[in-house]
Amino acid sequence: MGKGCIAATKYFLFFFNLIFFIFGATIMGFGLWILLDNQSLIAVLQDSSMVLKVVSYILIGVGSFSMILGFLGCLGAIYEIRCLLGLYFTCLLLILLGQVAAAVLIYFQRDSLRKETSEIVSQVIENYTGQNKTAEQAWDYLQRTMQCCGWLRSEDWDENHMIKNSSENLYSCSCHNASLQPFNVTDSGFCSDASNKLPIYETGCMDKVGSWLFTNYGIILGICLGVAVIELLGMILSMGLCKTVHQEDYTKVPKY
């Protein structure tokens, strides 16, 4: 019976470590996406936000470390190596504490992050020239796909230097409402319209991004809770297996 429990614990721990390895690869991939993406709000922010670049490097590092840790956990489980199981438990505990600390920090700094995001996007809009810069392309893509205009409201574009200094009624082409004429508007740069009532979306992108996050809140929370549960189960199984291996080693010691 004891050997059956040990075997079950070993293979359960191996299975959870395999999942942990996959989660590590996912986290690393997300970090690489933040660093390399050029077609979303992330690309708009990363040109000006050093914090976001640091976060991407941290995610890549944590993901890589998690993959290594998952590999070591699999190795320790299959071959019942106590030192690897102990190291695995310690590292997993540190990762879990780090994740909790990061979540608490983001929660209490959410107002600062929101303010920094607004400032960065405002600068992109004010200095927009339509010259196919990475941040400008990303912002055009965001406005076009999320059907929004400006950050807080469409009037944010009134602060753009080229629009303010132009004698024409210019507007961002990516703000164009696809349901209104003309229908052959370019995806980026500036467009002009003779009417004072511009054919653009009125809703700001902040509301659209907030709605997207709210809609997918359950998925994001579920992924975070899933990772935490897997980590806790890994810790419990590793300690259980480590204790069982220790007891077996003790019983095998010859008595004189």
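The values are calculated or read from the model by the stated rules, or taken from the named source; none is laboratory data. Note that the coordinates shown come from a computational prediction; the quantities given were computed from them, not determined experimentally. Backbone-built Cβ (ideal geometry, glycine too); neighbour counts: all protein chains shown. For the accessible areas, the whole protein counts, side chains as well, though only heavy atoms, and no ligand, DNA or RNA atoms are used. Shrake-Rupley method; radii C 1.70, N 1.55, O 1.52, S 1.80 Å.
Some points to look at:
- Placed amide H near F190: partners under 5 Å, 5+ positions off or other chain: C173
- Taking only protein heavy atoms and a 1.4 Å probe, the accessible area of segment 66-137 is 65% carbon and sulfur.
- Sites L213 and D111, calculated FRET efficiency, Cβ-Cβ separation with R0 22 Å, nearest 0.05: 0.90
- Cut-off under 5 Å, modelled amide H: who pairs with N177 long-range: I200, Y201
- Among 184-191, 110-117, 74-81, the order from most to least packed when residues are scored by Cβ within 10 Å on average: 74-81, 184-191, 110-117
- Within straight-line cross-link reach of K243, aspartates and glutamates at Cα separation under 12 Å, skipping those fewer than 8 residues along the same chain: E80
- Peptides 140-147, 96-103 ordered by average Cβ neighbours within 10 Å, highest first: 140-147, 96-103
- Accessible area per residue in Å² at 1.4 Å probe, computed on segment 69-151: 54
- Sites Q131 and C91 - FRET efficiency at Förster radius 51 Å, r taken between beta-carbons, to 0.05: 0.60
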